[in-house]
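Novice: The following block contains the structure, expressed as structure tokens.
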Amino acid sequence: MKTIKELINRIQKHDLGDLAAVLAYYFLLSLFPLLIFLLTLLPYFQIDPNTVSKFVSQMAPGDSSELITKQINGLISKPNGGLLSFGILATIWSASNATNAVIRSLNVAHTIEESRPFWKVRLMAILLTFALVIGIVMTLVLPVFGDVILNTVQSLFPETAVTDGLFALIRFLISFVLIALILGVIYYFSPDVKLKVRDIYLGAIIGTILWQILSFAFSLYVSSFANYQATYGSLGGVIVLLTWLYLTGFVILIGGEINAIHYCWRTKKLCMEDEKEDLGIASSNNSTTADM
């Protein structure tokens, strides 16, 4: 209960709803540059376009998956070396704006000010973007090899409801672990604070669970109840996508706040201003005001 109470307090103090909206904006701006760079790589891995379309439909809800699929169909069919070189120079820079915003937001979660130079923060954002691309490629590639392995194993066992359920569970666990690893890397390297693995695993696991639950629930809501096309017309797919990105950003921030709570407890630091005020410790801003 204490953790939940502090998490709610942090959500209010750090304006997580507003920060999630900022992240959603940068995610939207960075999504298609990231896809351009990613999709110029996929033909070299000989990944079936249907695999990517299936992946997008599983991750993105409703009309947003159709919107993304339309954009990627023309890029995934054949390698484009010229586009790839352009992506290295320009597209990754644009895509890294999202991870740069995540870095700033996670600094807020840890209640610290950025002390690293601009170039180092931007380099970190670009490296995290590459890590995200690698994680997505692994998410696409592993099921291909996983299906081969699972089909081989399945041929050795009789096909029953139990074995089918077991193999479906294995596929889910692989996807779960990959998403948790991606979040763990983001949580570990983004904030301007020295963290340990034990400081980030809880937020990564809870963030992954929350993201999958929210994505499933929102997808169910969009497909069963909401009619964004009637309200927003041709922009319905964009609104669905933006809302899903907002939920994704909110979940990332929730995981960051959970990690920050765990870190503050482990190091016995007073991270929130109201905690300091409760103990009679004046903040730097209050001290400055008093001096004036």
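Novice: Any idea which of (1) loosely packed, with under 14 Cβ neighbours inside 10 Å; (2) modelled with pLDDT of 70 or more; (3) charged (D, E, K, R) is the one E257 doesn't satisfy?
Specialist: Tallying (1) loosely packed, with under 14 Cβ neighbours inside 10 Å; (2) modelled with pLDDT of 70 or more; (3) charged (D, E, K, R), E257 fails exactly one: (1).
Novice: Of the conditions (1) modelled with pLDDT of 85 or more; (2) outside any helix (DSSP H, G or I); (3) more than 23 Å from G17 (Cβ to Cβ); (4) not hydroxyl-bearing (S, T, Y), L181 satisfies every one except a single condition; which number is it?
Specialist: So the condition that L181 fails would be (2).
Novice: Within the bounds of the stretch 221-242, is there any residue that is in a helix (DSSP H, G or I), among the hydrophobic types (A, V, I, L, M, F, W, C) and under 24 Å from M124 (Cβ atoms)?
Specialist: No, the stretch 221-242 has no match at all.
Novice: Right, another one. Residue pairs, Cβ under 7 Å, 6 or more apart or interchain, first in the stretch 257-268 and within 14 Å of P191 (Cα to Cα), second hydroxyl-bearing (S, T, Y) and surrounded by fewer than 18 Cβ atoms within 10 Å (Cβ to Cβ). List them.
Specialist: The qualifying pairs are I261/T3.
Novice: Another question about this same structure. Please verify whether N9 is buried (at least 16 other Cβ atoms within 10 Å of the Cβ) and either among the basic types (K, R) or modelled with pLDDT of 75 or more (or both), treating the condition exactly as stated.
Specialist: For N9, the condition - buried (at least 16 other Cβ atoms within 10 Å of the Cβ) and either among the basic types (K, R) or modelled with pLDDT of 75 or more (or both) - is not met.
The values are calculated or read from the model by the stated rules, or taken from the named source; none is laboratory data. Every value quoted in this text rests on a predicted model; they were computed, and no experiment measured them. In this analysis, Cβ positions are derived from the backbone assuming ideal geometry, glycine residues included, and neighbour counts consider all displayed protein chains.
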